[in-house]
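Step one of this worksheet: look at the structure below.
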Amino acid sequence: MVIRPNIALLKAATGVASLLLCAAPGWAQTHFALPLPQLTTAQQVRVLSPDEANRGYPVRLRAVVTYCDPGEIDFFVQDSTAGIYVNDPNLKAAFMPGDLLEVEGVTEQVDFAPQIAKPRYRVIGHAPLPRPQPASYDALTSTREDSQWVQFEGIVQSASLDRGHLTLDVVGGGGHLTAYILDGASLSPAALVDAKVRLEGVSIGIFNRQQQLIGVQIKAPGPNELQVLEAPATYPFALPLRALKDVMIFTPQGTTEHRIRVQGTVTLQRPKGFFVQDGTQGLYVPGVPQETLIPGERVDVVGFADIGDYTPVLRQAIVRRSGSAPLPPPVPITARQAMAGSFDTLRVRLEGTLQDQTNSETDRQLVLQDDGVLFEARIEGRKVPPGWPHLSAGSRLRLTGVCSVSVNRDRVPNAFIVLLASPADLAVLSRPSWWTLRNTLAGLAA
């Protein structure tokens, strides 16, 4: 027998419920609140708005473990629809990649994306890891791949081991990302630098306090998720030599993401990097070599060419001494010429009138002016001897050092600094006259 609903009674009941909701909403919510629908896929959780996610929808799904690191409280699972983060502050069980779980919990969004909270688990078997989704750098930074099992190809620029976990800096598709590989002790960091690799792992967004994406990571559960597509050169210093002027210039084939090798004469070493010059072309190399470099040393430098503030730089560099050479002669310039940017990273000589001098944590700083252009000269404080000459405002100075250009947001030069290697790079051409108005009046009074 088929029982048909009484439409009239249903309409009457609906009307009574509406009256109760209008007359006493609190009472109606207490007595007539319907249970929230249960979500059964990861994608249903991912599409929730922050307000919806924080209503605490019940979740029950079957998913495979893609990444689990109790030490960092990182736990990701993925079903046939999407990957999702499981927030378990008390995560202790080290689930293995491929463990098939039944996960129950509730939805929440406390930071970047919706996730599963208050989880309970039951291992129901084992399953293959999801088929990785090939992802470009643009796709990874679009937020849509967050928490998903992805595949990414790039060049390893640095590699290091920490407590058995391998950390890689990988560049590919025009961007940098950091990759972490659990239990990577079997891999040799040195053998991976400059290798082209294919990574499989979980894409994880890095966000700021405003929950805005500022970077991306890929976390892989083990070394099996790293494949070397192209091995690096066995001896980096045997790479073809490239002139400094040819770093990051246009070629029809495009610039390489692999390491390159250049030669030059060291003109200055600073705490955070050093400068080399070859003829009329200079280059800044950020990073501190293991040994102190002396101006005048000839060096081979192997590293990754990258865009600097104004001129190219060579990152993650290794250095080999190859002799000595005279320092490149300084180029005589004016402050206005320096402001144009053409002498960035070059050894220069110019004059200026001292306006002021200050000390920072690391440097002695001189503020100078020439032809209406203000600029700075800096020398490391530890290189300033006790007998540093007394410099009065108004003194005319001649400076010999490396020109370092600063740019605005459009990469147009808007300032420069002259970096001095030693006190010998500063010469006092003239001092201000003692006969200032104040001193003259004081003398007449005396």
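Summing -39500 (n - 2.57) over the DSSP H runs of n ≥ 4 in the chain and dividing by its residue number, what mean residue ellipticity at 222 nm do you reach, to the nearest 500 deg cm²/dmol?
That comes out to -3000 deg cm²/dmol.
Below 8 Å, C-alpha to C-alpha, sequence gap of six or more: please give me the relative contact order for region 163-254 in percent.
27
Which of Thr292, Ala135, Ile218 sits closest to the plus end of the dipole of the chain, meaning its Cα is farthest towards the positive end, when Lys and Arg get +1 and Asp and Glu get -1 on the C-beta?
Towards the positive end, the residue furthest out is Thr292.
Take Glu153 and Arg209, extend 7 Å from each Cα along the Cα→Cβ direction, and tell me the distance between the two endpoints in nm.
If labels sit at Glu153 and Arg209, their model points lie 4.2 nm apart.
Once the Cα gyration tensor of region 98-249 is diagonalised, what are the square roots of 5 times its eigenvalues, in whole Å and ordered largest first, as equivalent ellipsoid semi-axes?
33, 20, 13
If each of Ser430 and Ala325 carries a label point 7 Å out from its Cα toward its Cβ, how far apart are those two points in nm?
3.8
Quick one: give the max-minus-min coordinate of the C-alpha atoms of region 289-446 along each principal axis, largest first, in Å.
Rounded to whole Å, the extents work out to 68, 38, 30 Å.
At a threshold of 8 angstrom on Cα-Cα distance, excluding pairs fewer than six apart, so keeping six or more, what relative contact order does the chain reach in percent?
Relative contact order for the chain comes out at 7 percent.
Rounded to the nearest 5, what % of DSSP beta bridges with both residues in region 323-405 are antiparallel?
90
Can you say what percent of the DSSP beta bridges in the chain, counting only those with both residues inside, are antiparallel? Round to 5.
Counting only bridges with both partners in the chain, antiparallel ones make up about 90 percent.
Using a 1.4 Å probe, what is the accessible area per residue for the chain, in Å²?
54
Using the Kirkwood radius over Cα pairs, work out the Stokes-Einstein diffusion coefficient for the chain at 20 °C and 1.002 mPa s, in µm²/s as a whole number.
After rounding, the answer is 78 µm²/s.
At q = 0.19, 0.28, 0.32 Å⁻¹, what log₁₀ I(q)/I(0) does a Debye calculation on the Cα points of region 183-224 give, no solvent, two decimals?
-0.73, -1.02, -1.12
Could you work out what % of the accessible surface of region 285-429 is carbon and sulfur, using a 1.4 angstrom probe and leaving DNA, RNA and ligands out of the count?
Here carbon and sulfur together make up 48 percent of the probe-accessible area.
Measuring from a point 7 Å past the Cα of Glu291 along Cα-to-C-beta, which residues in region 215-236 have an amide N at less than 18 Å?
Correct set: 236.
Which of Phe112, Ile307, Pro385 sits farthest toward the positive end of the charge dipole of the chain, with +1 on the Cβ of Lys and Arg and -1 on the Cβ of Asp and Glu?
About the Cα centre, the residue reaching furthest to the positive side is Pro385.
Heavy atoms only, probe 1.4 Å: what % of the accessible area of region 120-216 goes to carbon and sulfur, would you let me know?
Here carbon and sulfur together make up 49 percent of the probe-accessible area.
Taking the C-alpha atoms of region 261-337, how large are the radius of gyration and the largest Cα-Cα span, Dmax, in Å?
For region 261-337, the Cα-based Rg and Dmax read 12.3, 37 Å.
Mind putting a number on the dipole of region 118-224 about its Cα centre? Charges go on the C-beta only, +1 for Lys and Arg and -1 for Asp and Glu, and I need it in Debye to the nearest 20.
Rounded to the nearest 20 debye, it is 540 debye.
Taking every alpha carbon pair in region 206-287, what does the distance histogram look like in 10 angstrom bins from 0, in percent?
In order of increasing distance, the bins hold 12, 26, 29, 25, 7 percent.
Using the basic label-point model (7 angstrom from Cα toward the beta carbon), what is the Glu380 to Asp69 distance in nanometres?
Simple spin-label model gives 3.5 nm for this pair.
The values are calculated or read from the model by the stated rules, or taken from the named source; none is laboratory data. Here the structure is a predicted model, which means the values were calculated and not measured. A quick note on method: Cβ atoms are made from the backbone with ideal geometry, for glycine too, and the neighbour counts reach across all protein chains shown. Ligands, DNA and RNA are excluded from the accessible area calculation, which covers all protein heavy atoms including side chains. Shrake-Rupley method; radii C 1.70, N 1.55, O 1.52, S 1.80 Å.
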